[in-house]
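Heads up: the structure comes next, in structure tokens.
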Amino acid sequence: MDGVSFDVESGDFFGIVGTSGSGKTTLLNLIGGLDTPSSGNLEVMGHRLDSLDSNGLALYRRNTVGIIFQAFHLLPAQSAFGNVELPLLLQNVPPSDRKPRVEEALQQVGLDRRSDHLPSELSGGEQQRVAIARALAKQPRLLLADEPTGNLDSRTSEEILDLMGRLNRDYDLTVVLVSHDETAVRATSNRLIRLEDGRVVEASKT
């Protein structure tokens, strides 16, 4: 990244667009605490990520951020319920609290009746919804999505973006979405930056 500077307000649906190689995923990985900046300041939800060690970044990822990837990264031998429950196990959430949180997350994405199905028994769109529910079950303050519709057909992509927009509005969830599809991001987000070669070349409200 080269001289990138911007603010994301709580409750924003913030889009990051650009062509392949423009730095979108690198920027999202920095915000998600998956990469560390070599210079500059990076503060997210009160956490100075540029000054955290590996343990601090792990706690930040576990407790503050939900991340949705283009590849669904679902465990094939686990049901939808089991996949959504996994991060709660890592958070040491008691069993009495895990079940209602998983059920609520699956209901939010419209899969409460498919909770016992394995990923192989679900469509691509349904698998992405499970991945979204897995991130939501953590009750994150910030939801990061890296090309969440990249492996989906156009109709399913629209449904997923509509779902994320609804979650942003209904739950005041801050969302940062990375995509190469600028038209779709402009239709969904309320703020947007466009990257070229690691630089911000446009910052606007949509």
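The values are calculated or read from the model by the stated rules, or taken from the named source; none is laboratory data. Note that the structure is a prediction, hence the values are computed from the model and not measured. Cβ sites come from the backbone with ideal geometry, for glycine too, and all protein chains shown count toward neighbours. Only protein heavy atoms, including side chains, enter the accessible area calculation; ligands, DNA and RNA are left aside. Shrake-Rupley method; radii C 1.70, N 1.55, O 1.52, S 1.80 Å.
Observations on the structure shown:
- Residue list for region 179-206, restricted to those being without any contact (Cβ under 8 Å) to a residue 24 or more places away in the chain and in a helix (DSSP H, G or I): T183
- Scan of region 45-61 for residues that are modelled with pLDDT of 90 or more and within 18 Å of the chain's Cα centre (by Cα), ordered by number: L49, L57, A58, L59, Y60, R61
- If the condition is being in a loop (DSSP other than H, G, I, E, B), exposed (fewer than 11 other Cβ atoms within 10 Å of the Cβ) and at negative phi, then region 6-58 contributes D7, E9, S10, S20, S38, S39, N41, D53.
- Condition broken by A184, with the remaining ones in (1) out of contact with any Leu (no Cβ under 9 Å at 6 or more places or on another chain); (2) open to solvent by less than 60 Å² (accessible area, probe 1.4 Å) satisfied: (1)
- Hits in region 59-96 - residues which are assigned to a helix (DSSP H, G or I) and touching a helix residue (DSSP H, G or I) at 6+ places or on another chain (Cβ under 8 Å): Y60, R62, A80, F81, N83, V84, E85, L86, P87, L88, L89, L90
- Contacts under 7 angstrom Cβ, first residue in region 150-170 being touching a residue at least 40 places away in the same chain (Cβ under 8 Å) and among the polar types (S, T, N, Q), partner surrounded by 18 or more Cβ atoms within 10 Å (Cβ to Cβ) and not in a helix (DSSP H, G or I), 6 or more apart: N151/Q70; N168/F13; N168/V175
- Qualifying residue in region 141-156 (condition: surrounded by fewer than 18 Cβ atoms within 10 Å (Cβ to Cβ), assigned to a helix (DSSP H, G or I) and in contact with a Gly (Cβ under 6 Å, 6 or more places away or on another chain)): yes
- Checking R129, R113 one by one, the residue that is in contact (Cβ under 8 Å) with a residue 12 or more places away in the chain and either of a type in the set (A, V, I, L, M) or in a helix (DSSP H, G or I) (or both) is R129 and no other.
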